[in-house]
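First the structure, in the form of structure tokens, and then the observations on it.
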Amino acid sequence: GVIYLMKKLVVSLLVMLLFCPLMVKAEDQALIPNAKNGVLMEESTGKIIFEKNKDEKVAVASMTKMVAQILILEAIEKGEIKWTDKVTASSNASSMGGSQIFLSTGEVLTVEEMMKGISMASANDATVAMAEFLKGTEIDFVKEMNKKVKSLGLKNTQFKNCTGLDEEGHYSTAYDMAIIAKELLKHEEILKFSSKYEDYLRVNTPNKFWLVNTNKLVRFYEGADGLKTGHTDAAKYCLAATAKKNDMRLIAIVLGEEVSKVRNSETMALLDYGFNTYQVQIIKKKSDVVKSEKIEKASTKKIEYVPVTDIGILSKKGDVKKKYSYDVKITKNKLPLTKGEVVGKIKIKDGNTVVGEKDITVKKSTKKLSYLTLLRNTVYDIASGNTSIK
């Protein structure tokens, strides 16, 4: 009897070992059966909800342009360029085939118009024009793009051009693309471009040009407001999509689809799965002061520290909400302090377990008061009786 039971147990274990991987694969297949690779990520926590061959190096077509967009937005935020700056298309830029806004050599558009072309029409000519505008040559711009992905800790991405046209040694992965999309979304201004379904270029000219977003989800999927499509012979149809509902933003990456319609429907299936299954509980909003202190000779009465972004905890829907505690560590409180710069960390804890960590910044930029201002304040305080001379 014991031997029979042992045999039965061994057979059961073998069946489980044989079929468990298949069961997991079946769930993979059910969501995106036609995609070669895919990832579903919750944006605020960076948690991966779903994956399929997420680290396989593949061609990613125009999704490459997300890195170009990051560099353009960084240059805007640093004040190196302005949206109104004029960009002249070189013969090199205007000779780019594929998706384009049909720039003619010597044509001048603003940075904002070029960004519309890149974001909505996936324009190769506009991307190369911006690369040359920012770094002189496309080659030097591509060096910056590769530097950027390295700084994000990505090891499976390498670019040979700024457009995503098929080229030997130009590749990324579904996972790396999700991290790149997450980085792009830190620059909220991208959504102003990526969420529009239609727009126009060369408005006050005889060549008025109708732009229609290559990403159909922004029109047909509730909450979708970006991010980037792609299509080449090697990459097939690809999409980095993002949508936000009830405080939760998801990033869906789908690569290697044979047909654009299937690419769109499988991306929507991924987003549906995420929104139906998960929720984000916001623990601290980016406007919530998590610590304040007085610093001598500061231009504000007290320094208030806030998270750089909302802090949320990802959980399955229906899981009980808990109370969480938090620790704040300030790593920089030397003046001046600039709003947006990272000055410390906040750790969210469930008992002794750290369940989330975010950077913190200051609510208002604060500079050091000049000697004259300090002197004037002291004189004012004495005159108004706020202080006494000892």
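Here are some notes:
- FRET efficiency for the Asp359 to Lys208 pair, using the beta carbon distance and R₀ = 45 Å, is estimated at 0.55.
- Which listed pairs, of Lys192/Lys316; Lys54/Lys349; Lys54/Lys143; Lys286/Lys345; Lys36/Lys186; Lys150/Lys332, have C-alpha distances above 19 Å, in listed order: Lys192/Lys316; Lys54/Lys349; Lys54/Lys143; Lys36/Lys186; Lys150/Lys332
- The accessible-area ordering, largest first, of the residues Lys261, Lys148 stands as Lys261, Lys148, per a 1.4 angstrom probe.
- Listed residues Ala61, Asn37, Ile48: farthest to the positive end of the dipole of segment 26-82 (Cβ charges): Ala61
- Take every pair of alpha-carbon atoms less than 8 Å apart whose residues are at least six positions apart; their mean separation over the length of segment 290-339 yields a relative contact order of 30 percent.
- Taking the protein heavy atoms of the chain in the context of the full set of protein chains, the accessible area attributed to carbon and sulfur is 54 percent at 1.4 Å.
- Ranking Lys323, Lys54, Lys316 by solvent-accessible area of protein heavy atoms (1.4 Å probe, all protein chains present), from largest to smallest, gives Lys323, Lys316, Lys54.
- Extension gain, Glu112 to Lys82, is 10.0 nm, computed as 0.36 nm per intervening residue step minus the present C-alpha separation.
- When all protein chains stay in place and ligands, DNA and RNA are ignored, the 1.4 Å accessible-area order of Met66, Met268, largest first, is Met268, Met66.
- Given Lys78/Lys363; Lys285/Lys329; Lys302/Lys334; Lys65/Lys358; Lys334/Lys367, the pairs whose alpha carbons are separated by over 21 Å: Lys65/Lys358
- For the chain: relative contact order, % (alpha-carbon pairs under 8 angstrom, 6 or more apart): 15 percent
- Listed by chain and number, the aspartates and glutamates whose C-alpha is less than 16 Å from the C-alpha of Lys321, apart from same-chain residues fewer than 8 away, are Asp247, Asp350.
- Value of [θ]222 nm, deg cm²/dmol, for the chain, DSSP H segments ≥ 4, -39500 (n - 2.57) each, nearest 500: -11000 deg cm²/dmol
- For His231, the solvent-accessible surface with a 1.4 Å probe is about 90 Å², rounded to the nearest 10.
- Placing dummy labels 7 Å off each Cα toward the beta-carbon, the span from Ser384 to Asp288 is 3.4 nm.
- Pairwise centroid distance, computed over Cα atoms, of segment 101-130 with segment 324-357, Å: 40 Å
- Listed options for Cα extents along the principal axes in Å are [x] 94, 79, 35; [y] 65, 48, 40; [z] 66, 49, 36. The value calculated from this structure is the one marked [x].
- Solvent-accessible surface (1.4 angstrom probe) belonging to Glu132, in square angstrom, nearest 10: 40 Å²
The values are calculated or read from the model by the stated rules, or taken from the named source; none is laboratory data. The structure displayed is predicted, hence computed values, not measured ones. Using ideal geometry, Cβ is built from the backbone for each residue, glycine included, and neighbour counts are taken over all protein chains shown. The protein model used for the area step is the full one, side chains on, heavy atoms only, and it has no ligands, DNA or RNA in it. Shrake-Rupley method; radii C 1.70, N 1.55, O 1.52, S 1.80 Å.
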